[in-house]
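Student: Quick one: this structure, given as structure tokens, is what I'll be asking you about.
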Amino acid sequence: MLNKLHLDRNQITGSIPPELGNLTMLDELFLHTNQITGPIPSELGILLNLQSLDLSSNQIYGSIPGGLGNIIKLVFLSLSENRITGSIPQEIGNLINLQHLILYQNKISGSIPKTFGKLQSIQGMLIFDNKLSGSLPQEFGDLISLVELGLSNNLLSGHLPTNICSGGRLRYLYVSSNEFSGPIPRSLKTCTSLVRIYLGRNQLTGDISQDFGVYPQLTEMILSSNRLSGQISQNLGACNQLMVLRLQQNLITGSIPPIISKLSNLVELSLDSNHLSGEIPQEICTSANLYRLNLSSNQLSGSIPTQIEKLSNLGYLDISGNRLSGLIPEELGACMKLQSLKINNNNFSGSLPGAIGNLAGLQIILDVSNNNLSGVLPQQLGKLQMLEFLNLSHNQFSGSIPSSFTSMVSLSTLDVSYNDLEGLVPTARLLQNASSSWFLPNKGLCGNLSGLPPCYSTPIAAQKKGKMLGLLLPIVLVMGFIIFAAIVVIIILTRKKRKPQESVTAEARDLFSVWNFDGRLAFDDIVRATEDFDDKYIIGTGGYGKVYKAQLQDGQMVAVKKLHQTEEELDDGRRFCSEMEILTQIRQRSIVKMYGFFSHPAYKFLIYDYIQQGSLHGTLENEELAKELDWQKRIVIASDVAQAISYLHHECSPPIIHRDITSNNILLDTTFKAFVSDFGTARILKPDSSNWSALAGTYGYIAPGMYFPNSNVLICAELSYTSIVTEKCDVYSFGVVLLELVMGKHPRDLLDGSLSSGEQAMLVKDILDQRPRTPPTTEENHLALLIKLAFSCLESSPQARPTMQEAYQTLIQQPSPSSCPVPFSALTLQQARDGC
């Protein structure tokens, strides 16, 4: 009698047959990760012996049948990532043995039933990314077994239950992006089990120094965008595991406590948009792991601590919109990993240090506008060859713009307006269509840009100009005296009026700009082109979010990857930052080009070159395209992908590991040229780091491991033994893709580490994709070589696999006529594997 039915991770279509209700002895039913449509049949409520039911990651629609509440033996229920509508049935509260309820990423509406207070065994409840409304039942305080509660991205309102941590076991609390109001629940102050707490983007009130306690296991605290007041608590210094602290956009006062320096694991500190005062404590510069520091839009005073050079891992620094003064320290140039530096809208004086030019990784923005800086601009700025946005406006810089600026090949925006500069404006490649407003008013800038006067660089031209002026001088003098006073008054009034306007405009641009696309790509253009991310523009989906096709106003087509806004905010943020960080550093013809990105609490997206054909996976699934993808094209795709991965492993310093090489992440243009994409889980191998990592990748492309259906967890044996990221993970995934190219589908059964006797005797010609034409003799040799390479990449021991450099060299070498006496038509898999 059938007890377990596991049909997950296939390509099943159609609806769930009601006849499954006849399998009354089933205790496990797994249909997740398919393409199932239709409603959940009410007949499933008859399966009274069922303990685990997983229908997640399909396209199921309709409502949740109330009959599921009859299956009181249920321990695990997952319906996530579908299109389910309607409300949650009251009967679900009858599942007294339920430990995990997973309903996230649907369209469920209505309120959370009060009957949920009866779920005394519940440990994990994940209902984020839905349309739930109403208040959270106070009965949630009775859920004493609760470990994880995920309700983010709904429309829930009212107060959070006072005793939400009554059981003392709560570790993960995700309720961000709702409309919760009122005080912080009292029980959270003594909830020492907390590991992550996400309360951001609500309307919560309270005193931050009184409502939170000491949490020895806490790694992430996100309280941003609320109405919290008070001062930053000294208790934070005892949360020694804390990695992420976001308190921005609240009403917090007082100074930044030096005790924050005790947080040795701190990676992100965001305190912007509060009412903080006092100086930046120099102790904060001892936080060696700090990667993102945002103190902007406060009332901080004093200078930048010279100890800032100790922040060797700092990637993002924003101290704009304060009352900081003094000189910009040379030591800032020692923060070599900075990608974004904003010190605008302060009172800094003196010159801009040439040491800023040492920040070779500075790419996103350098903004020093709206200060009191003076002197000449340093030639060293020309070394910032990755920089895309440079704002020097509203200062007192004099002299000329350094000729070295022509070396800034990535520069798309250069704003030097409202200074005392003169002479030629260097024309970098991406500044050909620059706005004249970026250069005016100044003392006398000229150049070959629209709106600027031309420069007279030869003596003859200057002499002709002098004669012309001699003839016109009397007229000019007469007219000049008449209008001089009016011009002076207009300029004074314009300066007074425009400076605050420019400040507001600059602030909006900082918030909504997307860099690196000839200065033309803007937030509004993306929203317009996708009609505010309407589903009809979707060209791809994944766990990270959705990809949209967008045609910009100039006709350029781009692909826009918009991340889900979920309670997995940190993980999504890490994917976003990882992809942004890596794609801004690399340039290779077979790696998809990123044009820019946009980061804001409401939207996070990245913009890429639009690759027309779509993924290799989609091409292989399309009968007509698969026929057109002949063997020569497939061999070229293999070598292009190998070259891209080899570039990441062997030509980037430090090396980059992709960690998710799949046919879905290889894009093809209309000529079938391949591009490696999706660097959301990629990892930079740091020589001074252990490179330990959680598992990343796609099932079926990860090196052999163990899969646990009950928990949807895949453990890669390679990682579970070593817990370390190596480039050999990519090599294995590449081997899978090679066989996929040969077979026209995922190799599945050939990935178990060894060929069975039946597989050894299988003919190569019988596993070949039959849709392209039969390969000619020259391509047969290439295919035999490709199959041999694929199996060597799939070796169970990472050390036995080739490097990607070796794999690429193997693919581009011209294979000699086979010395194997066996013709290709009779070649077996075992012979191909052994290189007969």
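The values are calculated or read from the model by the stated rules, or taken from the named source; none is laboratory data. Keep in mind the model is a prediction, meaning the values are calculated, not measured. For neighbour counting, all protein chains shown are included, and Cβ atoms are generated from backbone atoms with ideal geometry for every residue, glycine included.
Student: Can you tell me which residue in the stretch 48-80 is surrounded by the fewest Cβ atoms within 10 Å (Cβ to Cβ), limited to those that are assigned to a strand (DSSP E or B) and of a type in the set (Gly, Ala, Ser)?
Tutor: Filtering first and then ranking leaves 62.
Student: Could you list, in sequence order, all residues of the stretch 403-428 that are surrounded by fewer than 18 Cβ atoms within 10 Å (Cβ to Cβ) and over 28 Å from the mean Cα position of the chain (by Cα)?
Tutor: Of everything in the stretch 403-428, those that are surrounded by fewer than 18 Cβ atoms within 10 Å (Cβ to Cβ) and over 28 Å from the mean Cα position of the chain (by Cα) turn out to be 403, 404, 406, 407, 420, 422, 423, 424, 427.
Student: Quick one: is residue 45 within 30 Å of residue 187 (Cβ to Cβ) and in a helix (DSSP H, G or I)?
Tutor: Considered against the rule, which asks whether it is within 30 Å of residue 187 (Cβ to Cβ) and in a helix (DSSP H, G or I), residue 45 comes out as no.
Student: So, one more: Those residues that are assigned to a loop (DSSP other than H, G, I, E, B) and buried (at least 16 other Cβ atoms within 10 Å of the Cβ), I need them from the stretch 200-212; list them, please.
Tutor: Those that are assigned to a loop (DSSP other than H, G, I, E, B) and buried (at least 16 other Cβ atoms within 10 Å of the Cβ): 200, 201, 202, 208, 209, 211, 212.
Student: May I pose another question? What residue, of 152, 177, is touching a helix residue (DSSP H, G or I) at 6+ places or on another chain (Cβ under 8 Å), surrounded by 23 or more Cβ atoms within 10 Å (Cβ to Cβ) and in a loop (DSSP other than H, G, I, E, B)?
Tutor: 152
Student: Can you name the residue in the stretch 258-295 that is outside any strand (DSSP E or B) and acidic (Asp, Glu) and, of all such residues, is farthest from the chain's Cα centre (by Cα)?
Tutor: 283
Student: May I pose another question? Tell me, which residue of the stretch 226-250 that is within 29 Å of the chain's Cα centre (by Cα) and surrounded by fewer than 16 Cβ atoms within 10 Å (Cβ to Cβ) is modelled with the lowest pLDDT?
Tutor: So, considering only residues that are within 29 Å of the chain's Cα centre (by Cα) and surrounded by fewer than 16 Cβ atoms within 10 Å (Cβ to Cβ), the one modelled with the lowest pLDDT is 241.
Student: Ok, one more. Please work out which one of (1) closer than 26 Å to residue 29 by Cβ; (2) assigned to a loop (DSSP other than H, G, I, E, B); (3) within 34 Å of the chain's Cα centre (by Cα) is the condition residue 161 fails and give its number.
Tutor: Tallying (1) closer than 26 Å to residue 29 by Cβ; (2) assigned to a loop (DSSP other than H, G, I, E, B); (3) within 34 Å of the chain's Cα centre (by Cα), residue 161 fails exactly one: (1).
Student: Looking at the stretch 9-33, which of its residues are in a loop (DSSP other than H, G, I, E, B) and at pLDDT 90 or above?
Tutor: Answer for the stretch 9-33, where residues must be in a loop (DSSP other than H, G, I, E, B) and at pLDDT 90 or above: 12, 13, 14, 16, 17, 23, 24, 25, 26, 27, 31, 32.
Student: So which residues in the stretch 791-822 are closer than 15 Å to residue 778 by Cα and at pLDDT below 85?
Tutor: Hits for the stretch 791-822 are 812, 813, 814, 815, 816, 817, 818, 819, 820.
Student: Follow-up question, since we're still on this one. Can you name the number of the only condition in (1) crowded, with 16+ Cβ neighbours inside 10 Å; (2) not polar (S, T, N, Q); (3) not assigned by TED's automatic domain parsing to the domain that holds residue 22 that residue 45 fails?
Tutor: Only one criterion in (1) crowded, with 16+ Cβ neighbours inside 10 Å; (2) not polar (S, T, N, Q); (3) not assigned by TED's automatic domain parsing to the domain that holds residue 22 is unmet by residue 45, namely (3).
Student: Here's a follow-up. Output the residues belonging to the stretch 296-336 that are surrounded by 20 or more Cβ atoms within 10 Å (Cβ to Cβ) and in a strand (DSSP E or B).
Tutor: Of everything in the stretch 296-336, those that are surrounded by 20 or more Cβ atoms within 10 Å (Cβ to Cβ) and in a strand (DSSP E or B) turn out to be 300, 316, 317, 318.
Student: If you take the residues of the stretch 620-638 that are of a type outside the set (A, V, I, L, M) and buried (at least 21 other Cβ atoms within 10 Å of the Cβ), which of them is nearest to residue 177 (Cα to Cα)?
Tutor: Out of the qualifying residues, it is 634.
Student: Take the stretch 99-124 and flag every residue that is within 24 Å of residue 33 (Cβ to Cβ) and of a type in the set (Ser, Thr, Tyr).
Tutor: 104
Student: Additional query: Might you let me know whether the stretch 378-397 holds any residue that is assigned to a strand (DSSP E or B), crowded, with 17+ Cβ neighbours inside 10 Å and more than 35 Å from the chain's Cα centre (by Cα)?
Tutor: yes
Student: Same structure, new question: State which residue is modelled with the lowest pLDDT when the search covers only the stretch 534-569 and only residues that are touching a Phe, Trp or Tyr at 6+ places or on another chain (Cβ under 8 Å) and assigned to a helix (DSSP H, G or I).
Tutor: The extreme case among them is 569.
Residues checked against (1) part of a helix (DSSP H, G or I); (2) over 26 Å from residue 784 (Cα atoms):
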| residue | (1), (2) |
| --- | --- |
| 632 | yes, no |
| 635 | yes, no |
| 638 | yes, no |
| 641 | yes, no |
| 644 | yes, no |
| 654 | no, yes |
| 660 | no, no |
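Student: Quick check: is even one residue across the stretch 349-364 of a type in the set (Ser, Thr, Tyr), more than 30 Å from residue 595 (Cβ to Cβ) and surrounded by fewer than 17 Cβ atoms within 10 Å (Cβ to Cβ)?
Tutor: yes
Student: Considering only residues that are crowded, with 21+ Cβ neighbours inside 10 Å, under 16 Å from residue 401 (Cα atoms) and among the polar types (S, T, N, Q), which ones fall in the stretch 365-377?
Tutor: Result: 369, single match.
Student: Within the stretch 400-413, is there a residue that is modelled with pLDDT of 90 or more, in contact with a Cys (Cβ under 9 Å, 6 or more places away or on another chain) and under 27 Å from residue 353 (Cβ atoms)?
Tutor: So far as the stretch 400-413 goes, no, none of its residues is modelled with pLDDT of 90 or more, in contact with a Cys (Cβ under 9 Å, 6 or more places away or on another chain) and under 27 Å from residue 353 (Cβ atoms).
Student: Would you say residue 255 is crowded, with 18+ Cβ neighbours inside 10 Å and assigned to a loop (DSSP other than H, G, I, E, B)?
Tutor: So residue 255 does not fit the description; no.
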